[in-house]
1. Select from Gly109, Ala77, Gly215 the residue farthest towards the positive end of the dipole of the range 3-240; place +1 on Cβ of Lys and Arg, -1 on Cβ of Asp and Glu, and compute about the Cα centre.
2. For the chain, find the longest principal axis of its Cα atoms and tell me its angle to the long axis of helix 150-173, 0 to 90°, nearest 10.
3. On a 0 to 90 degree scale, rounded to 10, what angle separates helix 69-87 from the longest Cα axis of the chain?
4. Could you please rank Leu129, Leu112, Leu46, placing first whichever residue has the fewest other Cβ atoms within 10 Å of its Cβ?
5. Between 0 and 90 degrees, rounded to the nearest ten: what's the tilt of helix 94-112 against the longest Cα principal axis of the chain?
6. Straight-line reach from Lys200: which lysines have Cα under 19 Å away, leaving out those fewer than 8 places along the same chain?
7. May I ask for the distance between the Cα centers of the range 41-97 and the range 98-125, given as a whole number of Å?
8. Kindly identify the range 66-188 as rounded, prolate or oblate by the Cα gyration tensor criterion: order the square roots of the eigenvalues as a ≥ b ≥ c, call it rounded if a/c is under 1.5, otherwise compare a/b with b/c, prolate if a/b is larger, else oblate.
Amino acid sequence: MNNQNYHNWNQMQTNTTQVDAGAVASKTFMTQVFGWMAGALMITALTSYLFGMVPQLIALLIGETGFTPLGWIVMFAPLAFVMLISFGIQKLPMPLLIGAFLLYSAVNGMSLSFIFLVFDIGSIGATFLVAAGMFGTMAVMGWITKADLSGFGRIMFMGLIGIIIASVVNMFLGSQMMDYIISFIGVAVFTGLTAWDVQKLKNLGAETGGSDAAGRLSILGALTLYLDFINLFLFLLRLMGNRK
């Protein structure tokens with residue numbers, strides 16, 4: 001083997017090693033992401049069920065004249081937690097970051113407990129399974145596809161902005177038809193965002209896996225996928241749920 005051939009062979013081996021290392025780092029990172037996400041969803045589901053089914057607990061959130069002070073806090077606290085985690089991802093101590101994420105999932109479960117006052121529990125369970133199936137399918141597609149989903153993701157993000165604007169407008173219009181259209185588009189948008197976010201996180205894991213930042217980013221990644229799933233579930237529930 002001459003020097004040139006040896007150099008080419010050595011370069012190929014180095015590239016292969018780097019690819020393998022990136023793949024291992026990516027899998028490790030995504031395992032952390034899905035682990036944190038699954039834990040948060042379990043906390044949310046349990047908290048939501050308890051507050052939705054136990055009269056003494058739901059009474060802490062809503063009284064005869066409307067929301068209690070705690071109820072108002074619970075309604076707006078999830079947004080505050082999302083901002084805290086997003087902006088504090090590099091600054092907060094890791095234990096505090098984890099605690100904030102888990103506490104957020106519990107508070108969000110309290111806010112979601114109101115769905116048990118509106119929808120039959122059977123339709124809530126069925127919708128959850130449908131959402132889980134759709135989320136899982138799109139997560140797998142985002143993981144295995146070789147196509148770059150960046151352009152697709154930007155379109156989905158624009159759709160998300162449109163949903164937010166349309167939802168605000170419909171708060172004043174109160175149109176049931178518009179609500180149905182928003183829900184249908186919402187399902188499509190968060191289904192697409194799931195695949196895009198999984199691909200982004202997979203690539204991020206290959207770049208940062210094994211570093212000190214990977215643990216922090218796994219929390220942020222779990223929050224991203226958690227929000228994708230929760231919003232997909234809620235939009236599906238508005239379409240499929242049997243109201244009481």
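1. Highest projection toward the positive end goes to Gly215.
2. Computed tilt is about 10 degrees.
3. Tilt of helix 69-87: around 10 degrees.
4. Working: Leu129 9, Leu112 23, Leu46 13.
Sorted ascending by nearby Cβ count, the order is Leu129, Leu46, Leu112.
5. In the chain, helix 94-112 runs at an angle near 40 degrees to the longest axis.
6. Lys27, Lys146
7. Here the answer is 8 Å between Cα centres.
8. On the way: a/c = 1.42, a/b = 1.03, b/c = 1.38.
Because its axes are fairly even, with a/c under 1.5, the range 66-188 counts as rounded.
Rule-based calculations on the coordinates, nothing more; no lab input. Bear in mind that the values here come from a model prediction, so they are computed numbers and not experimental data. So basically every Cβ, Gly included, is an ideal-geometry build from the backbone, and we count neighbours across all protein chains shown.
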